[in-house]
1. State, to one decimal in nm, how far the label point of Asp159 lies from the label point of Thr83, with both points 7 Å from Cα in the Cβ direction.
2. Counting only residues 5 or more places away or on other chains, whose amide H sits under 5 Å from the amide H of Thr83 once H atoms are built in the peptide plane?
3. Work out from phi, with θ = phi - 60° and the Karplus expression 6.51 cos²θ - 1.76 cosθ + 1.60, the ³J(HN,Hα) of each residue of the stretch 175-181, listed in order in whole Hz, and give x for Gly and Pro.
4. Quick one: length gained pulling Ser120 to Asn168 fully straight, 0.36 nm per residue minus the C-alpha distance?
5. Tell me the net charge near Thr162. Cut-off is 13 Å between Cβ atoms, Thr162 excluded, with +1 for each Lys or Arg and -1 for each Asp or Glu.
6. Non-local amide H neighbours of Leu192 (under 5 Å, H modeled in plane, Pro and chain starts lacking H): which ones?
7. Please work out the FRET efficiency for the pair Arg18 and Lys62, using the Cβ-Cβ distance as r and a Förster radius of 35 Å; give the result to the nearest 0.05.
8. Once you list every other residue whose beta carbon is under 15 Å from the beta carbon of Ala30, what net charge do they have if Lys and Arg are +1 and Asp and Glu are -1?
Amino acid sequence: MAKQQSEATSEASAGTPRLLEHYRTVVRPALVEKLGAMNPHAIPGLEKVVINMGVGVAITEKKYLDEAISAMAQIAGQKPIATLSRIAVAGFKLRENLPIGCKVTLRGRRMWEFLDRLVSIALPRVRDFRGLSATAFDGNGNYSLGLSEQMVFPEINPDRFTRPQGMNITIVTTAKSDGAARELLRGLGVPLKKDGDADAAA
């Protein structure tokens, strides 16, 4: 309890994250008008962001998993946990409960700051980037995207992390539909392509 209070006090003293302030002052009012949401609890928002790295080569080279964990910690600002294999596959020398990846779940301040860096810094550094798919939703208002390497984040030192490591990022929202979530993400600056607009109000 004391730890939670300390973290809350620390966050308050550090100021409101830029993207959170934008959500409160610009995005929420726009969503109320666009979605016709009279109940404030019906206005979609962000719940959490989950980052996953699969490191299949860790089966034989554990050092690559350690590198992925270190890189993810720098990107997320939070210590990740190792993910374990669920089944054994003899052909791939894979045993059950073997560490083969890592993940981290971001909430609160870290979530807002990570999404801000993803949208404003990392994605524009992706080679030949032309926007994200507007249809990569799961039917419940959650959005997933993949990055082929971690080097698009400026926190990563290319001299230290020489092996390209991809990741999957899932943005979990409180939206009740994909259309509402799409409007939320666009309002937050997520560069979604124009396809998928047909069901924007679904």
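1. If labels sit at Asp159 and Thr83, their model points lie 3.2 nm apart.
2. Residues meeting the amide H criterion: Ile100, Gly101, Cys102, Lys103.
3. 5, 8, 8, 5, x, 5, 5
4. 15.5 nm
5. 0
6. Amide H to amide H, under 5 Å and 5 or more residues apart or across chains, Leu192 pairs with Leu132.
7. That pair, Arg18 with Lys62, gives E of 0.35.
8. +2
Where a number appears in this text, it was derived from the coordinates with a stated rule and is not lab data. Owing to the predicted nature of the structure, the values given are computational and were not obtained by experimental measurement. In this analysis, Cβ positions are derived from the backbone assuming ideal geometry, glycine residues included, and neighbour counts consider all displayed protein chains.
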